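The values are calculated or read from the model by the stated rules, or taken from the named source; none is laboratory data. Quick caveat, the model's predicted, so the values are computed rather than measured. Positions of Cβ are backbone-derived with ideal geometry, glycine not excepted, and every protein chain shown enters the neighbour counts.
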Amino acid sequence: MALPENQPESPSRASELRAQILELTRAYHAEAFPRREFVPGESSVPVAGRVFDEADLVSLIDASLDFWLTTGRFADAFERRFAKVFGRRHCILVNSGSSANLTAFSALTSTKLGHRRVKPGDEVITVATGFPTTVNPIIQQRAVPVFLDVHVPTYNVDVTHLEDALSARTRAVMIAHTLGNPFDLATISAFCQEHDLWLVEDCCDAVGATYGGRHVGSFGDLATTSFYPAHHITMGEGGAVITNRGKLKVLVESFRDWGRDCWCEPGKENTCGKRFDQQFGELPHGYDHKYVYSHIGYNLKLTDMQAAIGLAQLDKLEGFIARRRHNFARLTRGLSDLDEVFILPEATPNSDPSWFGLALAVRPEAPIDRNEIVAALEGRGIATRLLFGGNLLRQPAYRDIEHRVVGDLGGADFVMENVFWIGVYPGLSDAHVDYVIDVLHEIAARPARALSGAPPG
């Protein structure tokens, strides 16, 4: 009798072949990705990048051999483990950190939230120097962003004008923890509780950071993370929404999964027990619940192969965070004598950041400006980034949006004109970091020579 199409000839033989493939994968990793020593002046110093080992590659290949191309067993396992990192009940995987922000905020617009839903024209407090996709969902859902200024040198929202930002239309606060440094969660959490506002924490740059001993992401109604290669762990692409509320979990999943009303897990068909026995709007009674849509949604799922990488990366998360903190501390110690040129970053009081990068503000009175320093660093192979979009309201995309501003955004303009950041990610060794310190001292001491591209001596 012929075997069904694509059916393995023998389960034991398939298992044997899988084991051989995975063993060859380990050998391939050793040959294809050898460790490279850092050579000052020749090797590059990236701001971020993927850090992986043979376990990540083996997990990816293992998932690919299942040929289960959407979310599956690896995604389920990752969601359970990652929710525990935050001390929350629910993790919902999506295909990027930006999609995490989109689905999290969209969930707050659901009619199923009754009087607490965010409606078009309602206001959402945020910060003017936020990453675009922290702010974009507010605009895309036709709510109105209310921009507060940034505090230097924590680079988080300035909470001194929080009450001034409040209006009768305020429904939520949506802000990111900047470069892994928590914002003032005590003040903002109390503010949201007092005024019955939703709080969305964008933790895309801050996995592992704590405030008052609690993990960021455990304070808000919803929290988001990213698994882009630059972030604390990677799936290549990918993101997640974290929540403790079952109702919000279902709403996030609905917006992620085409806007469907059904909340069956993949492979399940009648979890509610009423699949063909409900009435929805003007649909015929008993219309298949799997094809009832309660929201204008998307398809933002990720693949099980991505989740498999993330699951292996989770085993290294604590080590990655420790290395980021080590590199940050080494840099700040090494640059502490350059205070006439730079304002060094500061952790928010009562916090323990999980640093994403080290921001440097060039003092306006310094003998060299931000652009010259960035050019000199890039010329030496040291990568830099600006602090995202600076003052977003000066960006072309935001010129004509409906919005409200509290204060003069002087701090946001300062960030736009004077601030850049450098890497602290776990792929950087002490040799990388010491080279960066040496080059910055050379630039600060002899700007003209630094700009010429001459090596430090």
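Tabulated data for the structure shown
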quantity	calculated
Residue count, the range 50-82 (criterion: buried (at least 19 other Cβ atoms within 10 Å of the Cβ) and under 15 Å from the mean Cα position of the chain (by Cα))	1
Residue within the range 143-153 that is assigned to a strand (DSSP E or B), without any contact (Cβ under 8 Å) to a residue 40 or more places away in the chain and farther than 30 Å from residue 51 by Cβ present	no
Close pairs from the range 397-421: first in contact (Cβ under 8 Å) with a residue 60 or more places away in the chain, partner among the small types (Gly, Ala, Ser) and in a strand (DSSP E or B), Cβ under 6 Å, at least 6 apart	419/359; 419/361; 421/357; 421/359
Residues located in the range 331-373, provided they are within 17 Å of residue 446 (Cβ to Cβ), assigned to a helix (DSSP H, G or I) and of a type in the set (Val, Ile, Thr)	373
Residue check for residue 215: in the same structural domain as residue 113 (by TED's automatic domain parsing), touching a Phe, Trp or Tyr at 6+ places or on another chain (Cβ under 9 Å) and surrounded by fewer than 24 Cβ atoms within 10 Å (Cβ to Cβ)	yes
Residue match in the range 374-383 (condition: at pLDDT 95 or above, more than 28 Å from the chain's Cα centre (by Cα) and not in a loop (DSSP other than H, G, I, E, B))	yes
Tally, over the range 389-401, of residues that are surrounded by fewer than 20 Cβ atoms within 10 Å (Cβ to Cβ) and in a loop (DSSP other than H, G, I, E, B)	4
Search result, residues across the range 353-385 that are under 22 Å from residue 208 (Cβ atoms) and crowded, with 20+ Cβ neighbours inside 10 Å	353, 354, 355, 356, 357, 358, 359
Residue within the range 20-32 that is touching a residue at least 60 places away in the same chain (Cβ under 8 Å) and among the charged types (D, E, K, R) present	no
Matching residues, the range 298-312, being in contact with a Phe, Trp or Tyr (Cβ under 7 Å, 6 or more places away or on another chain) and in contact (Cβ under 8 Å) with a residue 60 or more places away in the chain	298, 304, 307, 308, 310, 311
Failed item, numbered, when residue 301 is tested on (1) surrounded by fewer than 16 Cβ atoms within 10 Å (Cβ to Cβ); (2) in a loop (DSSP other than H, G, I, E, B); (3) not aromatic (Phe, Trp, Tyr)	(1)
Selection count, the range 244-294, where residues are assigned to a helix (DSSP H, G or I) and touching a residue at least 24 places away in the same chain (Cβ under 8 Å)	13
